[in-house]
Amino acid sequence: MTFKDLGLIPSILRTLEEQGYEKPTPIQQQAIPVLLKERDLLGCAQTGTGKTAAFAIPILQHLSQPHHEPSGRRKIKALIITPTRELATQIGESFSVYGKYTKLKNTVIFGGVKQRAQVDALRRGVDILIATPGRLLDLINQKKISLRDIDYFVLDEADQMLDMGFIHDIKKIIALLPKDRQSLFFSATMQPKIVALSKQILGNPERVTIEPEQTTAEKVEQSLYYVSKRNKIKLLKHLLQMHSMNSVLVFSRTKHGANKIVKLLVRDGMDCAAIHGNKSQKAREIALDNFKKGKISILVATDIAARGIDIDELSYVVNYDLPNVPESYVHRIGRTGRAGLSGMAISFCDALERPYLKDIERLIDKKVTVIHDHPFLNDELENESRKPDRNHGHKRKPKPSSSSRKKRNGGKNNYWRKRKTGGNRKAG
Ligand code: AMP
């Protein structure tokens, strides 16, 4: 199937050709025809599947029809709500790219920055608004935005919205939307809470399910290194050098941990930066931009900050800490191996993380390949892992044994002995 077969207008086909998109991805093949028929859609899919184009293209096509031509000042006809500033920015960029040869205008609004420039852009008139919930409600309350003319509404990353506590904001926004509209609802998972929320938004939707978890996981080469917590930084430096990694996203479970990794790498003269919730919007944008342009080769991120980050040609993901939520592992490794490229996901596992590894392997339904041949192998942990699992299905965390602690402290390098690793397990 080609984009032409989907009945797209020439101005959109032209930009897709320029982008080098040869054929629609599965979600685009399924969702675009449904959306062009103005049906509501419930999409179970995450970023990396081509989801943004799947909803952006039909919206651009609808709004390019003559009856939508603005007479007088432009009115906001399409609203896309997304949980993070990074995602909002990326979606805005996608609308600008796919809509390059249309006359439509979009703008992006999010919190954490002054509202002036955003309000100015709104005043100049936009057809499509991409927003995070808090700033949207702020500007609605200030009467800078009206949702009266919305014809197309997209709720993106619904599960993430609920995790981030946006449920009340979303309900307030829904209450302000005109009843007569087309609604699109996307979520990577479909737990009962999400289904309940979707029912409040959608009429009688078509359902599209794309399982990127398996497909992405299959394309990504996954490996596991048993290593003590203290030796993780040494192992990271070793791998960075050994593989001459020039585009690597390192995941830390905590913001504090991310800062610490950056500090230790920078001290060794490596180009890297951290992105997490405590960094200003400006700092996050600069770090991401420098990383995308190849000015820095290592980006250290927490799960929330990295969610949805779209970096083409990212070759490595390093799970410096294993996530305690197994789905996060799938999201993390899905940052690499995108748009048909292969990728590599490297995970470090210390004694406390073994239960997390079991949960992950259960979710992805396979064992991650263990790399035995590396200078920081934690033998004891590896031997442990070979024993049959007597505690199957329970989440008890094994304590690190005293002999492994002794071995770590008995290492030759005093520098490492002096540095205590933090025990903060709060999510970033
Ligand atoms: P998304 O799931 O929207 O975050 O898209 C993931 C990546 O796939 C982005 O870098 C898009 O530019 C790219 N992409 C989207 N659709 C296609 C397509 N049909 N062919 C090739 N790449 C695509």
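Considering segment 289-302, the residues that are in a helix (DSSP H, G or I) and surrounded by fewer than 24 Cβ atoms within 10 Å (Cβ to Cβ) include one that is nearest to the ligand (Cβ to nearest atom), namely Lys292. Looking only at segment 51-79, residues that are within 16 Å of Leu129 (Cα to Cα), among the small types (Gly, Ala, Ser) and surrounded by fewer than 24 Cβ atoms within 10 Å (Cβ to Cβ) come to 1 in all. Number of residues in segment 94-120 that are within 16 Å of the ligand (Cβ to nearest atom) and under 21 Å from the mean Cα position of the chain (by Cα) equals 6.
To keep it simple, each residue is scored yes or no on (1) in contact with a His (Cβ under 7 Å, 6 or more places away or on another chain); (2) among the aliphatic types (A, V, I, L, M); (3) in a loop (DSSP other than H, G, I, E, B); (4) open to solvent by less than 10 Å² (accessible area, probe 1.4 Å).
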| residue | (1), (2), (3), (4) |
| --- | --- |
| Asp138 | no, no, no, no |
| Ser146 | no, no, yes, no |
| Leu162 | no, yes, no, no |
| His168 | no, no, no, no |
| Asp180 | no, no, yes, no |
| Leu184 | no, yes, no, yes |
| Ser198 | no, no, no, yes |
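Counting only helices (runs of 4 or more DSSP H) wholly contained in segment 1-97, the ones carrying 3 or more residues that are closer than 26 Å to Ser146 by Cα occupy 51-63.
Contact annotation: residue pairs with Cβ atoms under 6 Å, 6 or more positions apart or on different chains, pairing a residue in segment 38-61 that is more than 14 Å from Gln90 (Cβ to Cβ) and at pLDDT below 90 with a partner that is away from the ligand (no atom under 14 Å from the Cβ) and not in a strand (DSSP E or B), are Cys44/Met190.
Screening segment 236-263 for residues that are open to solvent by 10 Å² or more (accessible area, probe 1.4 Å) and among the aliphatic types (A, V, I, L, M) and picking the one that is farthest from His331 (Cα to Cα) gives Met242.
The values are calculated or read from the model by the stated rules, or taken from the named source; none is laboratory data. In this text, all values refer to a predicted model and were calculated from it rather than measured experimentally. Reconstructed Cβ throughout: ideal geometry from the backbone, glycine too, with neighbour counts over all protein chains shown. Surface areas here come from the heavy atoms of the whole protein model, side chains and all, with no ligands, DNA or RNA. Shrake-Rupley method; radii C 1.70, N 1.55, O 1.52, S 1.80 Å.
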